[in-house]
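Student: One structure is given below, represented as structure tokens, and several questions about it will come after.
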Amino acid sequence: MTRPDTRPGPAARPVTTAAASASAPTPAPAPAIRRRAVPDALWSYLLIAPTALGIVFLLAYPLARNLLISLQHYGMAELIGGGADFAGLENYRQILSDAEFWQVTRRTLWWTATNVVLIMVIGTAVALMLQRLGRRMRTLVLSGLVLAWASPVIATTTVFQWLFSSRLGVVNWLLVRLGFDSFQDYSWLAHGPAAFTVLVLLVVWQSVPFVAITLHSALTTVPTELFESARLDGAGGWRTFRSITLPLLRPIFGLVLSLEVIWVFRCFAQIWAVTRGGPGGATTTLPVYAYQVAQSLHRYDLGAAAATLTVLILIAALILYFRQMYRQEAEL
């Protein structure tokens, strides 16, 4: 009887991962998803697109619509039912032939010049004063300027109406206490020059903080060594301002002046809230005149024409100013 062979046979070799992967068919690589990079030029346009759309929606469209209405016969009937007829330049001829328009234009130019000169002089003086104050006092004054600048226009206008009230106003009370008895129950808003003065004070009060803070920020960039050298050379305050401060800050002065001209020229809310252009049209400027023509007479076409002429006059004034400023810079 033979015994079965119990010797172990050759051990089976384990199948390694490498061998299995070598023996298995290699799958085809998945096609790579290629992403096209956005060009840098396109990125720049995409970044400014929200701002450009906002400008088109908030500025360009109203201007275009206003220009279109100024070229049409557009009254109350057209406002309700539509279908305005084309009028060409008839509305502009009617506005330009109105003597009141030219009177209001002269008053607007005087209003703008008076306010801008006072704003720039007082704002520059406050900015120079801030340079000489200590840290704590400068912080206190800057805080007051920011609060005055941040106050809503209508809120500040209401406060000025209270201050110049005929019977309960603080201004009349103070003037009477100082010996000016003629201001007892004086009605500031019933007299043309007095109402004009109140509005000038109101607009100057609201505008000086912006000019002062902007110029103060620009003055901090001027090296102090220049002022110290001028002081050692015996230059006074006016000489230092004319020879150092003004030439170095001329671009900032030009920018601030342009912004103030635009802001004062188109000023409407303060005048309408306080006097509505009265008394007797003494405080009527071009924006108020355009609104009165459109709303009181329901001639929206004439109001649009007056508004368009207002914009053109402002643009012409700014172009003349910039040409003069560039000519002065070229001579330096």
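Student: Among the numbered conditions (1) open to solvent by 10 Å² or more (accessible area, probe 1.4 Å); (2) outside any helix (DSSP H, G or I), tell me where residue 277 comes up short.
Tutor: It fails just one condition, (1).
Student: If I go through the stretch 84-95 residue by residue, how many of them are free of Cβ contacts under 8 Å to residues at least 24 places away in the same chain and open to solvent by 70 Å² or more (accessible area, probe 1.4 Å)?
Tutor: Residues flagged as free of Cβ contacts under 8 Å to residues at least 24 places away in the same chain and open to solvent by 70 Å² or more (accessible area, probe 1.4 Å) within the stretch 84-95 amount to 5.
Student: So, in the stretch 77-105, how many residues would count as being within 17 Å of residue 295 (Cβ to Cβ), under 33 Å from the mean Cα position of the chain (by Cα) and of a type in the set (A, V, I, L, M, F, W, C)?
Tutor: Total satisfying the criteria: 4.
Student: Out of 226, 202, I need the residue that is surrounded by 14 or more Cβ atoms within 10 Å (Cβ to Cβ) and farther than 15 Å from residue 114 by Cβ. Which one?
Tutor: The unique qualifying residue is 226.
Student: Go through the stretch 53-65 residue by residue and tally those that are open to solvent by less than 90 Å² (accessible area, probe 1.4 Å) and over 18 Å from residue 311 (Cβ atoms).
Tutor: 1
Student: Another one. Residue check: is residue 22 more than 30 Å from residue 298 (Cα to Cα) and either at pLDDT below 85 or more than 60 Å from the chain's Cα centre (by Cα) (or both)?
Tutor: Taking the combined requirement at face value, the residue satisfies it.
Student: Would you check if residue 145 is buried (at least 17 other Cβ atoms within 10 Å of the Cβ) and closer than 26 Å to residue 254 by Cβ?
Tutor: The answer is yes for residue 145.
Student: Moving to a separate point now. Are any residues in the stretch 287-319 surrounded by fewer than 18 Cβ atoms within 10 Å (Cβ to Cβ) and either among the hydroxyl-bearing types (Ser, Thr, Tyr) or over 14 Å from residue 92 (Cα atoms) (or both), and if so, which ones?
Tutor: 295, 296, 297, 298, 314, 315, 316, 317, 318, 319
Student: Out of the residues in the stretch 238-247 meeting the condition of being touching a residue at least 12 places away in the same chain (Cβ under 8 Å) and in contact with a helix residue (DSSP H, G or I) (Cβ under 8 Å, 6 or more places away or on another chain), tell me which one is surrounded by the most Cβ atoms within 10 Å (Cβ to Cβ).
Tutor: It comes out as 245.
Student: Looking only at the stretch 162-219, which residues are aromatic (Phe, Trp, Tyr) and either out of contact with any Phe, Trp or Tyr (no Cβ under 8 Å at 6 or more places or on another chain) or in a helix (DSSP H, G or I) (or both)?
Tutor: Within the stretch 162-219, 162, 173, 180, 183, 186, 188, 196, 205, 210 qualify.
Student: With (1) more than 19 Å from the chain's Cα centre (by Cα); (2) surrounded by 13 or more Cβ atoms within 10 Å (Cβ to Cβ); (3) assigned to a helix (DSSP H, G or I) as the list, and residue 284 as the residue in question, which single condition is left unmet?
Tutor: Of everything listed in (1) more than 19 Å from the chain's Cα centre (by Cα); (2) surrounded by 13 or more Cβ atoms within 10 Å (Cβ to Cβ); (3) assigned to a helix (DSSP H, G or I), residue 284 misses just condition (3).
Student: If residue 113 meets every condition in (1) touching a Gly at 6+ places or on another chain (Cβ under 9 Å); (2) surrounded by fewer than 17 Cβ atoms within 10 Å (Cβ to Cβ) apart from one, which number is that one?
Tutor: (1)
Table: residues versus (1) at pLDDT 90 or above; (2) assigned to a helix (DSSP H, G or I); (3) among the basic types (Lys, Arg).
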{"residue": "292", "(1), (2), (3)": "yes, yes, no"}
{"residue": "304", "(1), (2), (3)": "yes, yes, no"}
{"residue": "307", "(1), (2), (3)": "yes, yes, no"}
{"residue": "320", "(1), (2), (3)": "no, yes, no"}
{"residue": "324", "(1), (2), (3)": "no, yes, no"}
{"residue": "327", "(1), (2), (3)": "no, yes, yes"}
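Student: Identify the residue in the stretch 66-80 that is modelled with pLDDT of 90 or more and part of a helix (DSSP H, G or I) and, among all such residues, is least open to solvent (accessible area, probe 1.4 Å).
Tutor: The extreme case among them is 70.
The values are calculated or read from the model by the stated rules, or taken from the named source; none is laboratory data. Keep in mind that this is a model prediction, so the values were computed, not measured. Virtual Cβ from ideal backbone geometry, glycine too; neighbours counted across all protein chains shown. With ligands, DNA and RNA removed, areas are computed over all heavy atoms of the protein, side chains included. Shrake-Rupley method; radii C 1.70, N 1.55, O 1.52, S 1.80 Å.
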